[in-house]
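Let me begin by presenting the structure, written as structure tokens, before commenting on it.
The values are calculated or read from the model by the stated rules, or taken from the named source; none is laboratory data. All values reported here derive from a predicted model rather than from experimental measurement. When we count neighbours, we look across all protein chains shown, and the Cβ atoms used for this are built from the backbone with ideal geometry, even at glycine. With ligands, DNA and RNA removed, areas are computed over all heavy atoms of the protein, side chains included. Shrake-Rupley method; radii C 1.70, N 1.55, O 1.52, S 1.80 Å.
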Amino acid sequence: MNVLTTRRRFLKTTIGGSALLGLGDLGFLAQLRPVSAAEAKLESDVVRFHPEIEPLVRFLEDTPRERLLEEVAAKIKRGLSYRDLLAALLLAGVRNIQPRPVGFKFHAVLVVNSAHLASLSSPDAERWLPIFWALDYFKSSQAQDVKEGDWTMRAVDESKIPAGQKAKQAFIEAVENWDETAVDVAVSGLARSASAQEIFESFCRYCARDFRELGHKAIYTANSWRTLQCIGWQHAEPVLRSLAYALLDRTGDANPAKNDLPADRPGRRNFELRANLRDDWLDGKVERAATTEMLQAIRQGSAVETSAKAVELLNRGVAPQSIWDGLFDGAGELLMREPGIRSLHAVTCTNALHFAWQHCGSDVTRRYLLLQNAAFLPLYRGNAKEKVHIDELQAAPLKSSGPQALEEIFAEITKDRMDAALKLLAWLKENPQPKEFLDAARVLIFLKGRDAHDYKFSSAVLEDYQHLSPVWRDRYLAASVFNLRGSGDSDNGLVTRTRAALQG
């Protein structure tokens with residue numbers, strides 16, 4: 001593809017015309033051998049799901065990767081719903097992929113919500129594409145898990161599950177003590193006795209307490225809760241067991257409950273520091289200068305200094321919005337300085353912590369989440385030689401106008417990302433409602449995205465753009481081109497296969 005694929009052209013090339021496909025129908029499905037009753041049985045100690053979803057999960061687990069998209073398409077044509085497929089995809093990942101490390105192959109689970117967000121933002125005709133990508137990615141991760149030992153979630157020990165109010169206290173004690181055995185039964189009891197919001201609040205207390213796993217613990221907390229909100233909380237227990245196991249990953253460290261380790265120090269300090277915020281800390285005023293101060297702290301300060309700066313600004317009467325503006329743009333600046341895995345997670349972790357901050361009801365937890373986000377960003381900083389300042393970027397003139405201007409920007413992303421960022425700033429001045437850019441960026445992820453980070457990052461950025469103050473949001477979006485796909489990038493080939501599956 002030589003230039004930007006517009007929506008009309010995208011629909012024409014991905015969903016339209018069987019003449020473009022040159023493929024036959026799905027009649028081969030009738031030739032598949034039947035599955036015996038013995039094959040359909042699960043091992044007795046493997047976790048089981050609700051009977052209405054279990055067969056679909058088994059189908060995703062057992063169908064070979066090279067046939068999965070075609071067979072899922074056949075089920076869709078027979079009435080399989082989007083929500084049931086999304087639920088089965090999440091549960092298949094939870095049962096079959098070990099959430100340690102909380103990343104790498106486990107991105108097959110982490111990315112489900114990102115694919116879902118991409119689907120929600122797409123026209124009806126495109127809505128299946130992100131889910132089909134996630135299905136294929138799950139099979140890749142499942143195969144990797146098999147190579148690494150074939151981990152499978154086992155059934156919980158029913159005899160040890162605490163009941164009622166005891167479950168919440170047992171969960172808190174297990175998490176505080178980093179006790180993996182105790183937390184597994186405690187979280188099962190919590191899932192059976194507490195409300196969805198109460199459970200979310202409990203996990204928000206701990207998803208950001210340490211910096212192990214590059215922010216993925218917070219990302220998993222936010223993404224799993226959001227997906228459960230779509231598929232239904234009847235599926236929550238195995239997901240929460242997986243999440244609790246992930247949160248207690250020590251990455252080989254000694255038990256943090258009994259040791260003073262670097263990854264835990266910012267969280268322990270901020271646990272105390274949150275009490276220093278004034279009572280009316282949510283009632284401040286938005287100040288551009290305060291955001292600039294926050295950016296400077298992120299550039300030069302330590303984890304201790306950035307969280308202290310946030311406390312100083314809030315106690316000075318600055319609104320939390322100005323702190324978040326600094327955190328979002330600070331994450332974007334880190335990406336511009338040193339594009340790569342570490343810095344893109346500054347963006348996705350900030351997305352997750354901001355979501356938790358928005359939806360958590362506990363004042364003390366909200367204070368903690370904001371301070372921890374401030375502390376985390378310097379830990380993503382690395383040793384980049386490039387010292388670009390996001391608040392000093394100057395728009396560069398575009399050679400084209402109208403629709404061709406966007407084509408120029410997306411072509412430039414492939415060749416020179418800084419040039420693309422400066423041109424996007426110019427375009428945004430003339431287009432303060434950038435829906436065309438956002439839609440085109442999303443389409444290019446469908447066409448050219450190659451791993452889970454393409455979906456995680458793009459879903460985070462395209463969502464968080466609206467969460468920044470107007471004076472800061474264009475710079476954040478300009479920074480995003482350092483990890484978006486350009487029109488000159490190679491196609492991933494999966495759209496062609498998905499098209500064939502759905503049109504066959």
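Overview of results
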{"read-out": "Interchain or long-range residues, amide H under 5 Å from VAL318's placed H", "value": "LYS285"}
{"read-out": "Other-chain or far-sequence residues with amide H under 5 Å of ARG154's (modelled H)", "value": "VAL47"}
{"read-out": "Qualifying aspartates and glutamates (Cα of each under 16 Å from Cα of LYS139; at least 8 residues distant if same chain)", "value": "GLU61, ASP62, GLU66, GLU70, GLU71, GLU148, ASP150, ASP451"}
{"read-out": "Calculated SAXS-style log₁₀ I(q)/I(0) at q = 0.10, 0.18 Å⁻¹ - region 164-280, Debye, Cα scatterers", "value": "-0.31, -0.95"}
{"read-out": "Estimated inter-spin distance, GLN229 and VAL146, nm [label 7 Å along Cα→Cβ]", "value": "3.6"}
{"read-out": "Estimated translational D of the chain in µm²/s (Stokes, Kirkwood radius over Cα pairs; 37 °C; 0.692 mPa s)", "value": "137"}
{"read-out": "Peptides 286-294, 419-427 ordered by average Cβ neighbours within 10 Å, highest first", "value": "419-427, 286-294"}
{"read-out": "q = 0.15, 0.19, 0.27 Å⁻¹: log10 I(q)/I(0) that the Debye formula gives for region 387-430, counting C-alpha atoms only", "value": "-0.33, -0.51, -0.94"}
{"read-out": "Accessible area expressed per residue, the chain, with surrounding protein chains retained (probe 1.4 Å, Å²)", "value": "41"}
{"read-out": "Calculated FRET value between LYS385 and ASN276, using beta carbons and R₀ = 22 Å, to 0.05", "value": "0.05"}
{"read-out": "Whichever aspartates and glutamates have a C-alpha closer than 13 Å to that of LYS75, once near sequence neighbours (fewer than 8 apart) are set aside", "value": "ASP84"}
{"read-out": "Listed residue pairs exceeding 19 Å between alpha carbons, taken from LYS399/LYS423; LYS423/LYS448; LYS105/LYS160; LYS387/LYS429; LYS415/LYS448", "value": "LYS423/LYS448; LYS105/LYS160; LYS387/LYS429"}
{"read-out": "Set of lysines near LYS166 by C-alpha distance (under 29 Å), chain-local residues within fewer than 8 positions excluded", "value": "LYS217, LYS258"}
{"read-out": "In order through region 393-400: 3J(HN,Hα) via Karplus (6.51 cos²θ - 1.76 cosθ + 1.60), integer Hz, x for Gly, Pro", "value": "4, 10, 4, 9, x, 8, 7, 10"}
{"read-out": "Carbon + sulfur, % of accessible area of the chain - ligands and nucleic acids excluded, 1.4 Å", "value": "50"}
{"read-out": "Computed FRET value (nearest 0.05) for GLN300 with ASP62, which takes r as the C-beta separation and R₀ as 60 Å", "value": "0.65"}
